[in-house]
Ligand SMILES: [Zn+2]
C-alpha cells in the first residue's frame, strides 16, 4: 500500500505539472479554457483525496482495503485527466475548418442547445461523439461532491484528420451533433417512457427463442438487460440520423453514403450501431417524410445506390441484436416524432433549396462561390444571401450530378481535382455567407 500511495502521489504531481504547462501556453478558445479550468479543479480534488488517504494509511491500518479502492479510483481519474491533456497538444492544427465549426455552433443554437463542444481530428477514418462533460461529472461526483465548472453537455467530436480542410464529407459531423442533442434532452428516456412495454417485448422474444431450443439455460433477466442496452444504443443512432436529416436534408444522406463508401458497408449489426442497410432505409424514409424524395431522384446514380444499400440483407447476429432488431420498428414512430419535435424550429425545407439551386449550380460551374441568388420580391429583383446549409446541399448536388456545366470552365481537371475545387468554393461561400449574415444582424441592431 505505501508503494501504491507513492506512485499515485507522483502521478498527481505530474498531472499538476502538465496542466501548469498547458496553462502557460494560454489556450485561445473559450471551450479550451473551460476544459482546462475543469481539469485543474478535478486534479486538485483528486490530489486532496490522495493526501487524505495517505495520512490515514499510517493512522488506521484496518481501513486499508477501502483506501486502496479510493486510491485506485483517483489514479484512474488522473489517467483520464492526462488523456484529455493530450488534446491540448495539437488543438490548433487538429480542428475542422472554421465555417464547419460555425455551422455546427449555429445548428446547436438554432434548436436551443448552444452547448459547447470541441472538435478533434482523428488519424483513423472515423467520426465519433464522446460525452466527456457527462463522463467527467460522473467521475468527479463519485470522488467528491464539490461543484465542477463545466457543462454536462460539453462534448468532444472527432472527425478524420484526412478530411480536415473539407466541408462536404464533414457534413457527417451533424450526426455527431445529433448525439449531443439526444443526450442533452434525454431523448432516450423520453422515448422509452412513450413505449413502456418495450422490455416486456424483449423478454417475450428471448423466452420464445429459449422455448424453441435456443440456449435453454437462458438467464432471461441478464440477457434482457444486455438486449435493452443494445436497443438503447441503436435508438441513439437512429435519433442522431433523424436529427441529421432534419437539420441538413440530403447533404446528411450523401455524407453518410460517402462515409460508408470509404469504410465499407456494415452488413452486420454491432452493439453501438444497427447495420448500414437499416440506417439507410430509415434515412430514406425520413427523406420521404420531409419531402426530399423527388429532389433526391434528380441525382439518379446516388438514388439507386441508396436503394441498393437499403436493400442489402442483414446478417443475423446474436440474441441481443435479433431482439433489438425486432423491437426497433415498435419504437420507430416515437423516434420520428421526437426528432421532429426537437428540430421543429430548425428543420431544413425542400422549397428553400429549390429556390436557389439552379442559380447556385450555375455559379459553381463558372468557378464562383455560390453565395448570392437573384430573387423577385414584390416586383423588385434583389440579391439574397444563401444559408450555409443550402450552400452545402448545392455542393453535394453538384458532386452527385457529376459537376454539371463544368466541362467548359474546367475541361482538364480530373474528378478528384474537381472535388477539391468544389470544396474550396463551398468553404469560401460559407465564409462569405456567415460574414454577410453577421453584417446584416449588426445593421438591424443599429437601426
Ligand atoms: Zn453515431
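If you check residue 287 against the conditions, is it part of a helix (DSSP H, G or I), modelled with pLDDT of 95 or more, more than 16 Å from the ligand (Cβ to nearest atom) and closer than 22 Å to residue 179 by Cα? When the stated conditions are applied, residue 287 passes them. Among the residues of the stretch 396-447, those identified as under 26 Å from the mean Cα position of the chain (by Cα) and under 16 Å from residue 258 (Cβ atoms) are 396, 397, 398, 399, 400, 419, 420, 422, 423, 426. Where helices (runs of 4 or more DSSP H) sit wholly within the stretch 347-410, those with at least 2 residues that are surrounded by 20 or more Cβ atoms within 10 Å (Cβ to Cβ) occupy 350-365, 388-400.
Residue 256 falls short on exactly one of the conditions (1) surrounded by fewer than 24 Cβ atoms within 10 Å (Cβ to Cβ); (2) in contact (Cβ under 8 Å) with a residue 40 or more places away in the chain; (3) under 26 Å from residue 110 (Cβ atoms); (4) more than 16 Å from the ligand (Cβ to nearest atom), and that condition is (4). Figure legend. Inter-residue proximity from the stretch 266-282: first residues modelled with pLDDT of 95 or more, second residues away from the ligand (no atom under 12 Å from the Cβ) and assigned to a helix (DSSP H, G or I), beta-carbon distance below 7 Å, spacing 6+ or different chains. Indicated pairs: 280/306; 280/309; 280/310; 281/310. Restricting 111, 118, 181, 188 to those that are touching a helix residue (DSSP H, G or I) at 6+ places or on another chain (Cβ under 8 Å), buried (at least 17 other Cβ atoms within 10 Å of the Cβ) and at pLDDT below 80 reduces the list to 118. When the residues of the stretch 296-314 are narrowed to those that are within 17 Å of residue 280 (Cβ to Cβ) and more than 26 Å from the chain's Cα centre (by Cα), which ends up surrounded by the most Cβ atoms within 10 Å (Cβ to Cβ)? The extreme case among them is 299.
Only one of the listed residues (140, 147) is modelled with pLDDT under 80 and surrounded by fewer than 16 Cβ atoms within 10 Å (Cβ to Cβ). That residue is 147.
Going residue by residue through the stretch 31-44, is there one that turns out to be closer than 29 Å to residue 156 by Cβ and modelled with pLDDT under 75? Looking through the stretch 31-44, at least one residue is closer than 29 Å to residue 156 by Cβ and modelled with pLDDT under 75.
The values are calculated or read from the model by the stated rules, or taken from the named source; none is laboratory data. From a predicted model like this one, the values you see are computed outputs, not experimental measurements. Cβ atoms come from the backbone with ideal geometry, glycine included; neighbour counts cover every protein chain shown.
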